[in-house]
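Q: Provided herewith is a single structure, encoded as structure tokens, for subsequent inquiry.
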Amino acid sequence: MDAGEAPGEADAAMLLDLTAALLTAGVGIEAALDRLARTIPGAAPLAAVHRSLVAGADWEQAWAGQSGELAELGAQLSFAHATGAPTAELLQVGARQLRRRRRHAAERRAEELGVKMVLPLGACFLPAFILLGVIPVVLGLLPQVFSL
């Protein structure tokens, strides 16, 4: 789960792929939103978007209350809705781009974690190294030093 994703929220990349499949099957965007809202866990807020669109609201008004992953889905679907063109391929590209951005963000967070762990690890390993590595050597050399 992404850092910006709420615990019960649907994955926008998966929803984009499913929407592309529905569009390829001949389902319209409004009907696709309704089907996703009814069948995908975490996509229930799409029902409100569907109702708004059916009631005649424009695209921005219908998606106004959405945030996180669902807002990303709305941004990706806006071109398909505005043009009415078969955009299944564009949605699949958008899903791949979203997954790529997530992967890069996860890699960046992992790199930052490595940097942040240097000080705590140094604070733990340095005393252990001194106690287990340096002190026994020094204690072993003391009899030889004082026998001179």
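No lab work stands behind these numbers, since they all come straight from the coordinates. Here the structure is a predicted model, which is why all the values come from computation and not from measurement. Using ideal geometry, Cβ is built from the backbone for each residue, glycine included, and neighbour counts are taken over all protein chains shown.
Q: If I take every Cα pair under 8 Å that is 6 or more residues apart in the chain, average their sequence separation and divide by the length, what percent do I get for the relative contact order? Walk me through the intermediate numbers first.
A: Working: 109 pairs, mean separation 39.3, N = 148.
Rounded, it is 27 percent for the chain.
Q: Just rank M117, M14, fewest to most, by other beta-carbon atoms within 10 angstrom.
A: Going from least to most buried by this count: M117, M14.
Q: Let me ask something additional. If you stretched the chain out fully between T24 and V145, how much longer would it get, using 0.36 nm times the residue separation minus the C-alpha to C-alpha distance? All intermediate terms of the calculation are to be shown ahead of the outcome.
A: Details: separation 121, 0.36 × 121 = 43.56 nm, distance 8.46 nm.
Gain on stretching T24 to V145: 35.1 nm.
Q: GNM on the chain, C-alpha springs below 10 Å: top fluctuator among L131, L23, L73?
A: L131
Q: Among A88, A57, A43, which one shows the biggest mean-square fluctuation in a GNM of the chain, springs joining Cα atoms closer than 10 Å?
A: With Cα springs under 10 Å in the chain, the top fluctuation among A88, A57, A43 is at A57.
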